Protein chains: 2
Amino acid sequence: MHRTSINEALNAEAPRDSITLMGWVRTRRDAKGFSFLELNDGSCLANIQVIVDEGVADAATLKMLNTGSAVKVQGMLVESPGKGQKWEVKAKAISVFGDADPESFPLQKKRHSDEFLRTIAHLRPRTNKFGALFRIRSEAAFAVHDYFRRNGYFYVQTPIITGADCEGAGEMFRVTTLDPSTGKPAAENPFEGDFFGRGAHLTVSGQLSAEVFACSLGKVYTFGPTFRAENSNTPRHAAEFWMIEPEVAFADLGDNMDLAEDFLKSLIDHVRTHCAADLDLFAKFVDKDLAASLDNIMAKPFVRLPHGESIQILKKSGKQFDFPVQDGMDLQTEHERYLTEEHFKRPVIVYDYPKEIKAFYMRLNDDGKTVAAMDVLLPRVGEIIGGSQREERLDVLERRIGELGLDMSCYWWYLELRKFGSVPHAGFGMGFERFLMMVTGVTNIRDVIPFPRTPKHLEF
Amino acid sequence: MHRTSINEALNAEAPRDSITLMGWVRTRRDAKGFSFLELNDGSCLANIQVIVDEGVADAATLKMLNTGSAVKVQGMLVESPGKGQKWEVKAKAISVFGDADPESFPLQKKRHSDEFLRTIAHLRPRTNKFGALFRIRSEAAFAVHDYFRRNGYFYVQTPIITGADCEGAGEMFRVTTLDPSTGKPAAENPFEGDFFGRGAHLTVSGQLSAEVFACSLGKVYTFGPTFRAENSNTPRHAAEFWMIEPEVAFADLGDNMDLAEDFLKSLIDHVRTHCAADLDLFAKFVDKDLAASLDNIMAKPFVRLPHGESIQILKKSGKQFDFPVQDGMDLQTEHERYLTEEHFKRPVIVYDYPKEIKAFYMRLNDDGKTVAAMDVLLPRVGEIIGGSQREERLDVLERRIGELGLDMSCYWWYLELRKFGSVPHAGFGMGFERFLMMVTGVTNIRDVIPFPRTPKHLEF
């Protein structure tokens, strides 16, 4: 079925005597002797205007040309006398693939709430906002792959089902093939007869696997789904989300900060360049400060601030925080906001955190008290990236695992990376949805995921 | 930590007075007054030769320069007098990041079996074969994204956790947060208190979700992990694998066949162009017929053969098959091989299958007996792609769901796509690992996945 996409038609360089478009009617307006259709096929935000003269469509067809109907239009691409559009189509023939009953089709021409649209997630990508959003999501995903490939990284698809209870980054979902209604007494092996014969979970991070590949291919990244079984109903948490995790051999924390900043800026730049029209919708209708806020991220180098200094700044601020500022504490949202929005007024990378508040695999600094961790904090957004240099010294790593009471046997292969040709290496993770929320100004994670999964919500 | 990658060094256009390389020693050979190191950093298959003159490394360092050690080399990039390499490095300084005890490091210079290497999946990407394989995997993944983007498709990340018991493409893993040792009597709701409050599973296909997006953005694809809880221990099955699923609005089965053929050929072409050195390893050491077999796929248009005709050909073949040929039967491996390897001697797309042996969502043909399904069959490989035009007529689809005794309520949103602006559309699925096995000649799926998951195997 040959067709020209509306994106291609709108960008044509010359009129065409013959063109075939297929898409969905967004609106129809009748005038004396003809009708205007606004047609959209998802290839871009813009509709193309189709002029249907009286007689081109028979009565039965005309009756079906309603909002939501899918149609085929054959006609001529001609210059449009209207403003805001270069081209329009003068229909010679029009037919309907499938109509949409005006009484029951939910997406009539009016503004719908995000909450309502979540209940019709199978139709919401037909709206301007969600069409734009999922085109941006697609292009941003490409930007990730393109960035890393251009810079000599290899993409590793790390496993989703993991045998490690011990990733330790959050509550995990369990994966099983056993019947849910035949649990066993606690005394018996609950995994007997189960697919893997042992406890199996959905991964919370591909990092440990990515380290394997950094320690062989040099520079790698993962980009895949990760999971948290946390029962938190907030606009920023979903049970299933995509994460980007680069991991680099022969890199220290400074390299890691350089990479994080360059990666983030490149991604923003790519999306602004390639999704200008779609992004403009968000700047106009979703977040009036979006452009300024993105400009601010791009404008200057990020501040790099040791955690200890961040505490001093917060103490000196004279602000009343809900969480009082104390040495060695983790930063709360209010503290992050103060640093990025009030004190520095730009992105801040906080690094060298107290070891007590960070994970076992982060490299112990020479002071014996802090680890080579970093968090990238953005104004209005908060933490967008978290990472660290990894502990590459076998004895130090074993000691840390022991101190934290973790099960050493879980990590035999991870420890062997430190036993055979160990190298300094570093990496970070960025939640892809966090990035999408930042770049569009959308404030609920449910609205940047095709079919979001949250507690008690598994529709579609 | 600034370094030049070995790939970059080997492709240098001129000598360099000063260069820093970091990587792992593959071999060391001592001569009178100097040593040769073969250094690899994962950036490419080739090693770079490093000449370490006596006195450049102290005794302690020299002792650690063994196979597997990680080192930093500073020196000069100079023309190599040896053949097969343009450049080598004359070391001025060398230091060791982490050594590898020759007594315990498993990857000594000798051929290791694939079976053994699977037991050290955390080290196998440091071998030539698996390094090459995972670089090819990375580039092939990029080729997928690049192909679709160039052709106007949007990438949709469809959900991994699904509430639909009803995808029907195979045995599913269950996802839960309930304690495995507290099952309930069958009479009670087994999902009470579970994260989603209902049965949740790992997806077997993103197709139904992709259809939603095809019916809004026009041309889309998914590329993500999918799961089968089938207890089959074969070289071709894994519990977790990645699948590519394009879905196209305003497309029929002919368009679908065109896309499948063009996509597959483009992917092969991309990998041959961008991974020539890595692929050559497989052509030399893994599969002597690899190049000829890829040439054969590229050479001519694929045969397009209605299923009914394929049965006639098999009947007339005079061959004794283990599965006797009968009208309306599904093709077995031996039949596929006969068609592709003996009869046509090239790829064959079989289409218009009897509806009884295909899924409910495939479009019923006008004969009322067959559906607009297709399978792409390759010589030596078998089925690599399966797809169909989807049933877009609400009444026909409802009838099919009813005939098959499926639960209509599972599909309310899928049916609504046919109620509001329904369009003809089509798509297919290709297992990414199947493609990788085909393009490398590797015969076990465990050897093209970073950390394979199969029954009772969940290591790493």
Cα extents of region A:343-419 per principal axis, largest first, Å, are 45, 24, 21
Taking the label point as lying 7 angstrom from Cα along the Cα-to-Cβ axis, what are the distances from A:Lys63 to the corresponding position in the remaining copies, in ascending order and in nanometres?
9.5
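Can you give the Kirkwood hydrodynamic radius of region B:131-180 from its Cα pairs, in Å with one decimal? The partial results should precede the final answer.
Numbers: mean 1/r = 0.0685 Å⁻¹.
Mean inverse Cα-Cα distance, inverted, gives 14.6 Å.
At 1.4 Å probe radius, can you tell me the per residue accessible area of chain B in Å²? Could the numbers behind the result be given before it?
Details: 18200 Å² over 460 residues.
Accessible area per residue, chain B: 40 Å².
More than 19 angstrom separation, counting every C-alpha pair in region B:140-267; what % is that? Walk me through the numbers on the way to the answer.
Working: 4809 of 8128 pairs.
It works out to 59 percent of all Cα pairs.
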Pull out the extension gain between B:Thr273 and B:Asn444, defined as 0.36 nm times the separation in residues minus the alpha carbon to alpha carbon distance; nm, one decimal.
59.1 nm
Can you pull out the chymotrypsin sites (Phe, Trp or Tyr not before Pro) in region B:335-375 whose DSSP state is coil and whose Cβ has at most 15 other Cβ atoms within 10 Å?
none
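Residues of A:235-241, mean number of Cβ from any other protein chain within 10 Å of their own Cβ, rounded to a whole number?
2
State the extension gain, in nm to one decimal, for the chain segment bounded by A:Thr119 and A:Arg393, taking 0.36 nm per residue of separation less the distance between their alpha-carbons.
Result for the pair: 93.5 nm of gain on full extension.
Round to a whole number: what % of the accessible area of region A:6-110 belongs to carbon and sulfur, probe 1.4 Å?
On the way: 2560 of 5280 Å².
The C+S portion of the solvent-accessible surface of region A:6-110 is 48 percent.
Counting pairs of alpha carbon atoms under 8 Å apart in space and at least six apart in sequence, what relative contact order in percent does region A:31-130 give?
Numbers: 137 pairs, mean separation 24.1, N = 100.
It rounds to 24 percent for region A:31-130.
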Over all viewing directions the Cα convex hull of region A:317-371 casts an average projected area in nm² of 4.5
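Chains A and B: buried accessible surface, both sides, probe 1.4 Å, rounded to 100 Å²?
On the way: alone 22910 and 22900 Å², together 36420 Å².
So the buried area, both faces added, is about 9400 Å².
How many partner chain Cβ atoms sit within 10 Å of a residue's Cβ in peptide B:420-432, on average, as a whole number?
5
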Share of Cα-Cα pairs in chain B lying beyond 34 Å, as whole percent
46
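Could you list the trypsin sites (Lys or Arg not before Pro) in region B:73-140 that lie in coil according to DSSP, counting only those with at most 15 other Cβ atoms within 10 Å of their Cβ? Don't skip to the end; give the middle numbers.
Working: sites: B:Lys83, B:Lys86, B:Lys90, B:Lys92, B:Lys109, B:Lys110, B:Arg111, B:Arg118, B:Arg126, B:Lys129, B:Arg135, B:Arg137; in loops: B:Lys83, B:Lys86, B:Lys109, B:Lys110, B:Arg111.
Here the sparse-neighbourhood loop sites are B:Lys83, B:Lys86, B:Lys109, B:Lys110, B:Arg111.
Give me the net charge of A:Glu334's neighbourhood, meaning all other residues with Cβ under 11 Å from the Cβ of A:Glu334; Lys, Arg count +1, Asp, Glu -1. Walk me through the numbers on the way to the answer.
On the way: positive: A:Lys319, A:Arg337; negative: A:Asp322, A:Glu336, A:Glu341, A:Glu342.
Once positives and negatives cancel, what remains is -2.
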Given charges of +1 on the Cβ of Lys and Arg and -1 on the Cβ of Asp and Glu, with all other atoms neutral, how large is the dipole of chain B about its Cα centre, in debye to the nearest 20?
1420
Scan chain A and report its longest stretch carrying no GluC sites (Glu not before Pro) that are both in a DSSP loop and have at most 11 other Cβ atoms within 10 Å.
A:193-460
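Could you tell me what a quarter of the Cα convex hull surface of region B:52-191 works out to, in nm² with one decimal place? Present the calculation step by step, with values, prior to reporting the outcome.
On the way: hull surface 70.7 nm².
Mean shadow area of the hull around the Cα atoms is 17.7 nm².
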Find the all-direction average of the projected area of the Cα convex hull for the protein assembly as shown, expressing the result in square nanometres with one decimal place.
43.2
Lys/Arg +1, Asp/Glu -1 at C-beta; the protein assembly as shown dipole; positive extreme among A:Ala200, A:Gln108, A:Pro347:
A:Pro347
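Quick one: ranking A:Cys44, B:Cys410 by accessible area, 1.4 Å probe, largest first, what do you get?
Numbers: A:Cys44 20, B:Cys410 40 Å².
Correct descending sequence by accessible area is B:Cys410, A:Cys44.
Tell me, what is the FRET efficiency for B:Glu383 and B:Thr27 to the nearest 0.05, using R0 = 45 angstrom and their Cβ-Cβ distance as r? Before the final figure, lay out the partial values.
On the way: r = 42 Å, r/R0 = 0.93.
That pair, B:Glu383 with B:Thr27, gives E of 0.60.
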Mind listing which trypsin sites (Lys or Arg not before Pro) in region B:1-71 are in a DSSP loop and have 11 or fewer other Cβ atoms within 10 Å?
B:Lys32
Of all DSSP beta bridges with both partners in chain A, the antiparallel percent, nearest 5, is 85
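With all distinct Cα pairs included, what does the Kirkwood hydrodynamic radius of region A:6-110 come out to in Å, to one decimal, could you say? Walk me through the numbers before you get to the answer.
Details: mean 1/r = 0.0729 Å⁻¹.
For region A:6-110, the Kirkwood estimate is 13.7 Å.
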Copies compared at B:His2 - label distances in nm, ascending, label defined 7 Å from Cα in the Cβ direction
5.6
Only bridges whose two residues both fall in region A:1-130 count here: according to DSSP, what percent of them are antiparallel, nearest 5?
90
Measuring from a point 7 Å out along Cα→Cβ, what nm distances, shortest first, does B:Met298 have to its partners in the other copies?
4.0
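Can you run the Rg to Rh ratio on region A:391-460? Use alpha carbon positions and the Kirkwood inverse-distance Rh. Could you put the intermediate results ahead of the total?
Values: Rg = 19.4 Å, Rh = 15.8 Å.
Rounded to two decimals, Rg/Rh equals 1.22.
The values are calculated or read from the model by the stated rules, or taken from the named source; none is laboratory data. The structure displayed is predicted, hence computed values, not measured ones. Cβ atoms come from the backbone with ideal geometry, glycine included; neighbour counts cover every protein chain shown. Keep in mind that these areas ignore ligands, DNA and RNA; they rest on the heavy atoms of the full protein, side chains included. Shrake-Rupley method; radii C 1.70, N 1.55, O 1.52, S 1.80 Å.
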